[in-house]
1. Please state which one of 602, 615, 576 is in a helix (DSSP H, G or I), closer than 28 Å to residue 672 by Cβ and at pLDDT below 70.
2. Is there a residue being touching a helix residue (DSSP H, G or I) at 6+ places or on another chain (Cβ under 8 Å) and at pLDDT below 85 anywhere in region 298-308?
3. List the residue pairs whose Cβ atoms are under 7 Å apart, where the first residue sits in region 135-161 and is more than 21 Å from residue 119 (Cα to Cα), the second is of a type in the set (Gly, Ala, Ser), and the two are 6 or more positions apart or on different chains.
4. Is there a residue in region 417-436 that is aliphatic (A, V, I, L, M) and either within 24 Å of residue 350 (Cβ to Cβ) or at pLDDT below 80 (or both)?
5. Suppose we filter 235, 205 for residues that are under 32 Å from the mean Cα position of the chain (by Cα) and over 20 Å from residue 704 (Cα atoms); which single one remains?
6. Here are 518, 462, 490, 473: which of them is of a type in the set (S, T, N, Q), touching a residue at least 24 places away in the same chain (Cβ under 8 Å), touching a helix residue (DSSP H, G or I) at 6+ places or on another chain (Cβ under 9 Å) and surrounded by fewer than 18 Cβ atoms within 10 Å (Cβ to Cβ)?
7. Pick from region 325-358 the residues that are at pLDDT below 75 and not in a helix (DSSP H, G or I): which of them is farthest from the chain's Cα centre (by Cα)?
8. Those residues that are of a type outside the set (A, V, I, L, M, F, W, C), in a loop (DSSP other than H, G, I, E, B) and surrounded by 17 or more Cβ atoms within 10 Å (Cβ to Cβ), I need them from region 651-668; list them, please.
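The values are calculated or read from the model by the stated rules, or taken from the named source; none is laboratory data. Not measured: the values here are computed from a predicted model. When we count neighbours, we look across all protein chains shown, and the Cβ atoms used for this are built from the backbone with ideal geometry, even at glycine.
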Amino acid sequence: MEEEEAPLLTSSIKRSSGDYGSHDEGQHDQHEESPGSRRLSYSATDDSYHVHEDADADLYIQQAAVFIEDAIQYRSINHRVDSGSLRLYRCYYSKICQWALGFTIAVVLALAFIERPSSLTYTSDIRFKPKPWEPPCGLTEGIEMVCLCIFILDFTVKSYLIGWEEFRMNKWLIGYVVVITASVIDWMLSVSMLCNENLRVRRLIRPFFLLQNSSLMKKTLKCIKRTLPEIASVILLLALHICLFTMIGMLIFSKSDDPKKNGEWETYFKNMPKALSSLLVLLTTANNPDVMIPAYSLNRAYSIFFILFSVFGTYLLMNLMTAIIYNQFRGYLLMSIQTSIIRRRLGIRAAFEVLCCPGRGHTSTQSEGHVEQVAVNMFLQVMDRVHMKSYCRQAIIKAAQEFPDGFINGETFQRLFTELDKDFMKEHPPKPEYSSPILQQIQYMFGHFYIVVLGNVVALANVICICTVLVLNSEKSASEKNNFYMEILNCIFILYYLIEMLLKIVAFGWKGYLSYRNNIFDGFLTVLLLAIQIAIFITYRIPNEDMDPDQGRVIVLWEMVRLVNMLIVFRFLRIIPEIKLMAVVASTLVDLVKNLRAFAGILLVVYYVFAVLGIWLFKGAITPPLNMSLISNYSIENKTDGPFSMDCGTFEQLEYWPNNFDDFASSLVLLYNIMVVNNWHVFTDAYSRYTTEWSLVYFVAWWLTSSVMWVNLFVALILENFTYKWDRSNALSVEDVERIAYQSTVQLIFREHVQEPTEEELLTQLQQHPHLHLSR
């Protein structure tokens, strides 16, 4: 066998300030070595190897550990790989640093609540809203500058770690620089004007800090951007539908010579803008059947017009839009998830490549050529350094230790990390062993499933008793209610709960009892109920039927009983884990909170931007009359000068005064009320009267963004999550559903629809790594 001599794996970290990891693809064999790089060569004769290493083996292990962590978190591996940079990289992605960065983002976003206009008042009702506390000039500005300095540090570390070449291609980092620069300039203008400026541009761009810090948010935003052309086509069809019916409606409900027949025209079809807004609101069913009543009362045939409009618009086009948004977005999301899966496989492959070096498990024969392998002992050293979930680490290490020859090839190396995609079945500790026959009998009885059923029946009986008492006392005041019987019932049920908890602890042991999530929930509420009941006994002694419920004590008896009853009703939720469908639904809700935060994050960004725009456009637009006490439906005429109106169903008549854009908090609540679309036409009508009819553009844009597009996406993702969980739980028992810990991340929800990358694709991408050169 001829002597081979070639660099197998090299790292091209160049520390000069003008070259951030750039390399020459055609000169891998001749590049200059640095302290963070290595060049490996070997010679083979008759199954013996002479290995020459120019770098410390600890660097290879460190590189492999970081690549595996990148794979676990679906991060890109295109970063510097010298020893110092890897230490900085791991420090940057440590929990402390990431939590600190997340906290900084939360602080800078929360500044909107205390900046002018401040939200620090107990009410947002403009009729009697007190003057809010305004922070002194420099307080919020100082906090914001600290946050901006942290963002500058964050950008500096990120740009250094990925290198100049990667930075130039990263639009998000370039945008990060632009946003920070614009924020600093606007901050300087604020300080120079002593905080008296009317417009703070940086408030509008603050949500960018939240977006750029989440890779899944970036992917989601990219998918939404790609879906917009399809959404625009349906919106165009929807607009055509509304315009067509508007013109037909204006022709049908034109002004008549008989004033008694002009109700529909006067209220809804007086002019083109009013007709358009009336039918747009009808599309959301918010003003149905109000919009058709004046015409319908004249002739029942007029109802056909409104029914046809709703059938085609609400039930066909709107649902078609939902289907198109979901289908197109899901397709683009799958493409994005494909990238995440490739990142995971690429990270694992990169770890294998830095470990399978000559003298570290690499073997070669004349017949087989290169057979790359990794020594198990080196792999175990890597796993000791990787930050990952303990059960995944144990499963991977256990599988690696089963190789008889002590080596792992590339395909097996990838297969080891399929444990990351598997569900974790929680194992409960063994039950304690008792020698006493009585304890054995207790253990058998209270470890049986029938005891759980009995406990649920007792909890149901308790809730029924509370409901009965509430119905009987529904029209009585606190002083008229007799809490004696309620207290007796509560004492009996709480005593049962306490005995049940203690005997279950005997049956399962402390560790076994606490290994069940429903037992933790049950036990916590039982202890809390017992503590409140003891407090009642200390305060009131033993209640009797003739006692005065309020004798000047600190806490009224009824208030304490009401708290006990609320906790008992809340405790009834213990039945959820015992019913399979309910358990799956509950776990789906928990997973939505944990794993779909990126989608809620983008909705938060949209809320933030529209709230700031709303403050800019409509702050102080709606003002109440100077003397509201003299105004009522009977004291003034419906027709008044100016925008004020007391017509039935108007903003003023419904007393919607707390809904306004006068501060950030009230703006968020108003946007939520519009997103729900119930009575949203009341707000559009009010702001059209107090400002201009063009204000409708703002509200329609918010409705399309939040209610039409984003809510539909969120519903679709809930369906995907539930379907994923339900399909995987079909073969499981109720107990297994409670024990299993689903790894239902967004990547795994769509995992079955994603194609695995081939080895050639992985090696091609590794060859393009800006800081790690692989030669074959």
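1. Answer to the selection: 576.
2. no
3. Within 7 Å, the pairs are 148/183; 161/85.
4. yes
5. So the residue among 235, 205 that is under 32 Å from the mean Cα position of the chain (by Cα) and over 20 Å from residue 704 (Cα atoms) is 205.
6. Matching residue, one of 518, 462, 490, 473: 518.
7. Once the filter is applied, the top-ranked residue is 358.
8. 652, 656, 659, 660, 662, 663
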